[in-house]
1. Based on the Cβ-Cβ distance from L61 to E31, what FRET efficiency comes out when R0 is 25 Å, to the nearest 0.05?
2. Within the accessible area of the chain, what % is carbon and sulfur when the probe is 1.4 Å and the other protein chains stay in place?
3. Hey, can you grab everything whose amide H is under 5 Å from the amide H of Y58? Only 5+ residues off in sequence or another chain; H modelled, so Pro and N-termini drop out.
4. Tell me the relative contact order for the chain as a rounded percent, counting alpha carbon contacts under 8 Å between residues six or more apart.
5. Select from segment 24-85 those trypsin sites (Lys or Arg not before Pro) which occupy a DSSP coil region and have at most 15 other Cβ atoms within 10 Å, ordered by residue number.
6. At a temperature of 37 °C and a viscosity of 0.692 mPa s, determine how fast segment 1-51 diffuses translationally according to Stokes-Einstein, using the Kirkwood radius over alpha-carbon pairs as Rh; express D in µm²/s, rounded to the nearest whole number.
7. Okay, helix-only estimate at 222 nm for the chain: each DSSP H run of n ≥ 4 adds -39500 (n - 2.57), divide by all residues, round to 500 deg cm²/dmol; what do you get?
8. When ligands, DNA and RNA are left out and all protein chains stay put, how many square angstrom of accessible area per residue does the chain have with a 1.4 Å probe?
Amino acid sequence: EKQLPDINEAHALMNKAEKRLKFILEKPVSEEYAEFTFEDAYNVMREATQSLMSIAGYKPLSHEAIIAFLRDKEHVDQAHIETFN
């Protein structure tokens, strides 16, 4: 969905992603909680990408929209995008 670029939203999303990443890295990964660690790692990537989208004037409505946005970026490794997807 097209929207006006929102720098404040972008900063908030990136700050949240950074805090979530710090939280993940501080905890050992255990089999019991691996599912939650995986979900948090996904959310770090999603929030960081949404931050970029907000700067570009987009609001993603789905996972597919996030992936499509990343695929259009030359500086993002396509193999990493496929792993994220």
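The values are calculated or read from the model by the stated rules, or taken from the named source; none is laboratory data. What you are looking at is a predicted structure, and each value in this text was computed from that prediction instead of being measured. When we count neighbours, we look across all protein chains shown, and the Cβ atoms used for this are built from the backbone with ideal geometry, even at glycine. Just so you know, the surface numbers come from the protein's heavy atoms only, side chains and all, with ligands and any DNA or RNA stripped out. Shrake-Rupley method; radii C 1.70, N 1.55, O 1.52, S 1.80 Å.
1. Using R0 = 25 Å, I get an efficiency of 0.15.
2. Carbon-and-sulfur percentage of accessible area, whole number: 58.
3. Q3
4. 40 percent
5. Hits after loop and neighbour filter: K73.
6. My calculation gives 278 µm²/s for D.
7. That comes out to -22500 deg cm²/dmol.
8. Roughly 73 Å² per residue, with all protein chains present.
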